[in-house]
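Reviewing the structure listed below.
The values are calculated or read from the model by the stated rules, or taken from the named source; none is laboratory data. Quantities reported herein were computed from a predicted structural model and do not represent experimental measurements. Glycine gets a Cβ as well: all are built from the backbone with ideal geometry, and neighbour counts include every protein chain shown.
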Amino acid sequence: MADLDEALDWIDVRRQREAADQFDVTRAIVVRDTGVVAGKVSLARAHRLDTGLFMGEYEVGWWLHPDSAGHGYATEAARALIDDVFERGLAEVWCGMYVDNDASAHVAERLGLPFLGVQQDPWYEGDSRLYRVTRDEWLVR
Ligand SMILES: CC(C)(COP(=O)(O)OP(=O)(O)OC[C@H]1O[C@@H](n2cnc3c(N)ncnc32)[C@H](O)[C@@H]1OP(=O)(O)O)[C@@H](O)C(=O)NCCC(=O)NCCS
């Protein structure tokens with residue numbers, strides 16, 4: 001993003017998406033003790049890059065500013081987000097990442113998301129490390 005206006009527009013689009021779909025959620029990750037905005041965590045309808053078509057599945061994702069990595073913030077935020085959407089009735093959550101994204105895979109593993117393997121990504125081109133968890137699996141973990 002080039003400037004603050006672009007960032008505010010981006011936030012506005014996220015708000016509109018959530019207003020249209022209660023499970024399309026993006027949240028800032030804010031460090032409780034300092035107020036530092038560490039990054040974001042989101043749940044979004046996965047869609048095919050080639051057609052832009054939504055496929056129905058919801059995918060969780062996490063991003064941190066590099067200064068805020070290494071404290072467990074992404075894992076804590078994702079856990080809170082997944083708790084929330086399952087409590088509100090979502091049936092399953094997917095998670096996918098580039099095969100070589102070890103840091104992201106560690107987050108998925110710390111969360112205990114069941115690993116489906118390295119497979120052709122259902123939405124994007126090429127292979128991904130794929131995880132999927134159902135509400136029942138999450139609640140009994
Ligand atoms: C993926 C990404 C969010 C992971 O960041 P991260 O800091 O490793 O993840 P967390 O915030 O959960 O922190 C976990 C790390 O903090 C450490 N840590 C320190 N204190 C901790 C605590 N109290 N609780 C949990 N972990 C703690 C953990 O040991 C772990 O480090 P390790 O992997 O070296 O063992 C980050 O690398 C990133 O933003 N990458 C670019 C964006 C991206 O690729 N996103 C995913 C798209 S699919």
Name the residues in region 18-50 that are within 22 Å of W123 (Cβ to Cβ) and free of Cβ contacts under 8 Å to residues at least 12 places away in the same chain, would you? E18, A20
Which residue out of V107, V140, V133 is closer than 19 Å to E76 by Cα, of a type outside the set (K, R) and surrounded by fewer than 11 Cβ atoms within 10 Å (Cβ to Cβ)? V140
Please work out if R110 is within 8 Å of the ligand (Cβ to nearest atom) and of a type in the set (D, E, K, R). yes
Note: among A69, A38, A78, just one is surrounded by fewer than 19 Cβ atoms within 10 Å (Cβ to Cβ), of a type in the set (G, A, S) and modelled with pLDDT of 95 or more, namely A69
Which residue pairs have Cβ atoms closer than 9 Å, lie 6 or more positions apart in sequence or on different chains, and pair a first residue in region 64-79 that is more than 11 Å from I29 (Cβ to Cβ) with a second residue that is near the ligand (Cβ under 7 Å from one of its atoms) and in a strand (DSSP E or B)? A69/G39; G70/L64
I'd like to check something: does region 7-24 contain any residue that is of a type in the set (K, R), over 18 Å from S128 (Cα atoms), within 13 Å of the ligand (Cβ to nearest atom) and modelled with pLDDT of 95 or more? no
Scan region 42-62 and give yes if some residue there is modelled with pLDDT of 95 or more and exposed (fewer than 13 other Cβ atoms within 10 Å of the Cβ), otherwise no. no
Of A103, A78, A46, A69, which residue is within 13 Å of the chain's Cα centre (by Cα) and near the ligand (Cβ under 9 Å from one of its atoms)? A78
